[in-house]
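Beneath this line is the structure, given in structure tokens, with notes to follow.
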Amino acid sequence: MIAQEQKPIEEILGYLDGKRKIVAVGCGGCATFYHTGDKKAVKEMAERLRKEGKEVTEVILPLGVSACEIDMSSKFLEKNRKAIEDADAVLVMSCGDGVQVVCEYIDNKIGVTKPVVPANDALGLVGGGPTKFKETCQSCGQCELGKTAGICPLTSCGKGLMNGPCGGVREDGKCEVDPEKDCAWVKIYERMEKMGELDKFTEMRAPHAWSKAKRPRLFTIEEPVKPVRTILASLPSYLTLLGGPEYEMLMLF
Amino acid sequence: MGDEVYSQLMKELKEGKYVFTGELEPEKAGDVEEPIKAARELVGLVTACNVTDNPQSFAYVSSLAASYKIQQETGMECIYQLRCADRNRNALLSDILGAGVLGLRNILALTGDHVSLGDTPDAKPVYDLDSTTLIALIRKVVDEGKDLAGNEIHNPPKLHVGAAAAPGAAVLKAEIAKVKRKIKVGAEFIQTQVVYYPEVLDRFFKELGKVDIPVLVGIFPAKTYAQADFFDKYVAGVDVPPDYLQNMKATKQIKDKEKRKEEVDRVNIEFFTSFLEHLKDTPAAGCHIMAVGYPRIIPELKKVME
């Protein structure tokens, strides 16, 4: 999941300076989990922008409909085609993926070129929950976890070293860069020690191959996943009794 | 690793001579007059001098340029410190080859403090390699005439590569395993981080066990209380004894400059005489004296080791 937080309102207002008609697009994916693009966040943002004298159209994407998955989110953009065509700017309340996918759709499918601006800052691919999340993977394209006791040093080591620890480990086994964080290499050492694999620790791991992280990466799958609503239609009817967002959320897992 | 010796440092270490090395710090300046002046004062006192590479991630004159100028103008052999923090593997290779071209013969391969701890914290940290893979790269260049991708290097440079070790590391067992890893990939000598406590030294050598490469133990006789205090507060893995700190602090009260200098020397000589006497009983092959801007203390300390 992509962690995110809303930008300072001053920055958002700066992007929207001089623009009166705004379309605020939410996101029913990660941004809903982080309360940066759910229904409440979109409504609050719209309210704030109205106080600035702006005319706002809210495009709320229900839970399960991520802004970045255009096959689903486009249905909601199309419903608001007129508002988008008339807008002075589109504010997308998702991660940067969502902003850019929506921007591309508006350019190419709605056929108008508008300022499309971000409301949020994406903070990385994270796992965990329900309230605390940790970035543990950076999607580098060449997973090293098989060599590092299941802990990614490229992400979890403050320096991203393949052969740590560095000399900066603190007394309590924390990182020199941030005393709140564990030294990933001390953790790797401890796991290898428990597993009786310390011989692996003293082996040199080759420098990471960054060639697979050449950006931007493009990716194709042969069989597209069916949109959530199609899946829902094929599910046992008792689940539908749940109704509402909880029902849709259940479908995600 | 071949048996060839390219530098005075390695010659003396291989001969089993007790070796002293010093430390020079290029500054944030358009010249290297200060480290050159310091190097002149150290000629004859130490076999070679480390030239620091952006210590604590503060950007200073390039250690490559400084090492070359110092060596050329003073005859002091340099140990060119090279960090992974600021350069990717291509830039590191360029600098390694450049070092050979400029007549440098020793490199100390370092990971480097994180750039966020420096004076330009928004800089992008690199760490494409780490100290281990940097050592492996240097060995591959020197021994096989190839880079990490296997590309041929015509007329490869003649260089020795050293590694750092932190005897006071908070998690010593992991540090020791890393040091052994660096030895395994071809480090030819070790210079340790500063040590003040004999028991820290003993624990380090005990955990390290017998190794085939020489270990030079780092000491830091502080010229001022502020220097000692800085090490204590900000240098990872280094604890400065409270008594020594207290004695250094007391020197600040002495108004007469000459008398203050004498007292600073006395405090250092007293403290380090005891430490160096202990060092004699360890497997250390030498001593890396990081007395930056404080060359007058070195002859006094060397006397202890004679």
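Exactly one residue out of B:147, B:229 is closer than 30 Å to residue A:173 by Cβ and either at pLDDT 95 or above or out of contact with any strand residue (DSSP E or B) (no Cβ under 6 Å at 6 or more places or on another chain) (or both): that is B:229.
Criterion applied to A:75, A:54, A:134 was being out of contact with any helix residue (DSSP H, G or I) (no Cβ under 7 Å at 6 or more places or on another chain), free of Cβ contacts under 8 Å to residues at least 60 places away in the same chain and under 30 Å from residue A:153 (Cα atoms), and the one residue passing it is A:134. Counting just the residues of segment B:143-158 that are out of contact with any Pro (no Cβ under 6 Å at 6 or more places or on another chain) and free of Cβ contacts under 8 Å to residues at least 24 places away in the same chain, which one comes out surrounded by the fewest Cβ atoms within 10 Å (Cβ to Cβ)? The residue in question is B:154.
Across segment A:175-184, the qualifying residues are those that are in a loop (DSSP other than H, G, I, E, B) and more than 7 Å from chain B (Cβ to nearest Cβ), and the one among them that is surrounded by the most Cβ atoms within 10 Å (Cβ to Cβ) is A:183.
Once segment B:101-120 is narrowed to residues that are more than 17 Å from the chain's Cα centre (by Cα) and touching a residue at least 40 places away in the same chain (Cβ under 8 Å), the residue that is farthest from residue B:193 (Cα to Cα) is B:101.
In summary, helices (runs of 4 or more DSSP H) completely within segment B:1-92 and bearing 1 or more residues that are farther than 20 Å from residue B:188 by Cβ, touching a residue at least 12 places away in the same chain (Cβ under 8 Å) and open to solvent by less than 30 Å² (accessible area, probe 1.4 Å) occur at B:33-42, B:63-74. Do the conditions hold for residue B:110, that is, is it closer than 19 Å to residue B:236 by Cα, within 14 Å of chain A (Cβ to nearest Cβ) and buried (at least 19 other Cβ atoms within 10 Å of the Cβ)? So residue B:110 fits the description; yes. Please find, within segment B:120-135, the residue that is farthest from residue B:98 (Cα to Cα) out of those that are within 11 Å of chain A (Cβ to nearest Cβ) and open to solvent by 20 Å² or more (accessible area, probe 1.4 Å). In this case the residue turns out to be B:121.
Restricting attention to segment A:136-174, the residues that are facing another protein chain (nearest Cβ under 9 Å) and over 15 Å from residue B:130 (Cβ atoms) total 5. For the criterion of being touching a residue at least 40 places away in the same chain (Cβ under 8 Å), out of contact with any Phe, Trp or Tyr (no Cβ under 7 Å at 6 or more places or on another chain) and of a type outside the set (D, E, K, R), residue A:210 passes. Screening B:97, B:117, B:104 for residues that are out of contact with any strand residue (DSSP E or B) (no Cβ under 7 Å at 6 or more places or on another chain) and away from every other protein chain (no Cβ under 14 Å) leaves exactly one candidate, B:97.
For residue B:184, the criteria (1) open to solvent by 20 Å² or more (accessible area, probe 1.4 Å); (2) touching a helix residue (DSSP H, G or I) at 6+ places or on another chain (Cβ under 9 Å); (3) more than 14 Å from chain A (Cβ to nearest Cβ) hold in every case but one, which is (3).
Residues that are touching a residue at least 40 places away in the same chain (Cβ under 8 Å) and either within 21 Å of residue A:86 (Cα to Cα) or hydrophobic (A, V, I, L, M, F, W, C) (or both) within segment A:34-48 comprise A:41, A:42, A:45, listed in sequence order. Answer yes if at least one residue in segment B:160-177 is more than 9 Å from chain A (Cβ to nearest Cβ), in contact (Cβ under 8 Å) with a residue 40 or more places away in the chain and β-branched (Val, Ile, Thr), and no otherwise. Looking for residues that are more than 9 Å from chain A (Cβ to nearest Cβ), in contact (Cβ under 8 Å) with a residue 40 or more places away in the chain and β-branched (Val, Ile, Thr), one finds at least one in segment B:160-177, hence yes.
The values are calculated or read from the model by the stated rules, or taken from the named source; none is laboratory data. A quick note: this is a predicted structure, and the numbers were derived from the prediction, not measured. So basically every Cβ, Gly included, is an ideal-geometry build from the backbone, and we count neighbours across all protein chains shown. These accessible areas exclude ligands, DNA and RNA; they are computed on the full protein's heavy atoms, side chains included. Shrake-Rupley method; radii C 1.70, N 1.55, O 1.52, S 1.80 Å.
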